[in-house]
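The values are calculated or read from the model by the stated rules, or taken from the named source; none is laboratory data. The structure presented is a predicted model; accordingly, all values stated were derived computationally and were not measured. Here Cβ is always computed from backbone atoms with ideal geometry, including for glycine, and neighbour counts include all displayed protein chains.
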Amino acid sequence: MKTLGIYVQVPFCQTKCTYCNFHTGVVDSSRFAPYAEAVCREIREHRAFYTHAGVALSESVDHGVVDTVYVGGGTPSLLDPAHLQNILDAIRTTFAADFTEVTLEADPETIEREKAEAWVRAGINRVSFGLQSFSDKELVAAGRMHRRADIYRAVPILRQAGIRNSSFDLIAGLPHQTKESWRQSLDELGMLAPEHVSVYLLEIDEGSRLGKELLQGGGKYSAGAVPSEDEMADYYEKAQEILRAAGYHHYEISNWAKPGFESRHNLKYWRREPYLGFGAGAHSFSGTERWANAHDAADYVAAVQGGRLPVEQQERLTAESALEEELFLGLRQLDGIDVGRIERDYGVTLTGRFDPLALAGLVERDGPVVRLAPEKLSVSNEVFVELMR
Ligand code: SF4
């Protein structure tokens, strides 16, 4: 049975975090309902929309059984639960569906008992919780809406509503973060014992307010208090140590899970399995082709209302780019890549390509398998740069 993942993008936030320059907007809530209706229409009419936009779906994608759904953003927990219910119902009635994992990204301050209960009734069984830090000083500096107390208020609500699979995000490298405050965040997260954890190194978009301050100077967004790259690498390594000791399985560069709680949906991205993305800016992958919808939410809604899907960045993958994806996405997983299988599939010889990396101690070899060296994960970008040479 071929399975299919579905991603739904909700590009709305309550405020703009200082480091973020995603295509998300702070808009009046009156725009949520037309947006959700446009997403439902895109889902229901995706075949006609794709044909019109020149996107070809393979048989296996067209008849794939949807087993994972991921509603991300932005802050999709801002939507009325009825909108989320309508979107999930549109998926159920349009595709062959046998949902095993339905994830909603949620920010702590948006969580209320009635909402959480409605999410569970709609079929959401996993919440990816953007908590980022337990330090109010760091949360304030980053422009986040929630505070530490919101996390402690929200977690029991989710659990009492019946969410048995939660993922907590932390960011290493927020302004004002110190060794001690990072340790405190890791310890508090450990006490709340989520089933899944993501740890991201702060990436500052040049176009964000913090990015501009870093380039041009100023003190409004605490650019001067951003930890150094070496400090961030230390924080990441501390997370590796603490999460390992707490029984989490480190399965992808940024992701840890209690046994059996690895994100089934996100594994599809790293394994290059097909997924369809709906909503403004959503990306899709059919196995041979990648495409994305236009980013601007208002343009997206207007186009869909007019019976057209605004597809951009359409790319049919060459054998060479597919091979590069196999290496980069595959190596993000700590199990590594089966070089023998890739050589057979692509008719290439790769052995020499890993020699300098193995010599530098950046990757390990285990028969046909190559994986990133666990103690070098904090510098994985070096591996990817080296691989491109
Ligand atoms: S970091 Fe997330 S919550 Fe913050 S503005 Fe960007 S998309 Fe919205």
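Structure values in brief
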| quantity | calculated |
| --- | --- |
| Positions within segment 349-367 being buried (at least 16 other Cβ atoms within 10 Å of the Cβ) and outside any strand (DSSP E or B), in sequence order | Leu350, Phe354, Leu357, Leu362 |
| Unique residue being touching a Ser or Thr at 6+ places or on another chain (Cβ under 6 Å), in contact (Cβ under 8 Å) with a residue 24 or more places away in the chain and under 30 Å from Asp62 (Cα atoms) when the list is Arg126, Arg121 | Arg126 |
| Condition met for Ile163 (crowded, with 20+ Cβ neighbours inside 10 Å and more than 16 Å from the ligand (Cβ to nearest atom)) | yes |
| Residue ID - farthest from the ligand (Cβ to nearest atom), chosen from residues in segment 1-17 that are in contact with an Asp or Glu (Cβ under 8 Å, 6 or more places away or on another chain) and of a type in the set (S, T, N, Q) | Thr3 |
| Test set (1) surrounded by 17 or more Cβ atoms within 10 Å (Cβ to Cβ); (2) more than 16 Å from the ligand (Cβ to nearest atom); (3) touching a residue at least 60 places away in the same chain (Cβ under 8 Å); (4) not hydrophobic (A, V, I, L, M, F, W, C) - Thr100 fails condition number | (1) |
| Matching residues, segment 18-32, being modelled with pLDDT of 90 or more, more than 22 Å from the chain's Cα centre (by Cα) and either within 8 Å of the ligand (Cβ to nearest atom) or assigned to a loop (DSSP other than H, G, I, E, B) (or both) | Asp28 |
| Enumeration of residues in segment 60-89 that are touching a Phe, Trp or Tyr at 6+ places or on another chain (Cβ under 8 Å) and charged (D, E, K, R) | Asp67, Asp80 |
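Okay, residues lined up against (1) within 19 Å of Tyr251 (Cβ to Cβ); (2) more than 22 Å from the chain's Cα centre (by Cα):
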residue	(1), (2)
Val301	no, yes
Arg308	no, yes
Gln314	no, no
Glu324	no, no
Gln333	yes, no
Asp338	yes, yes
Tyr346	no, yes
Thr351	no, yes
Phe354	no, yes
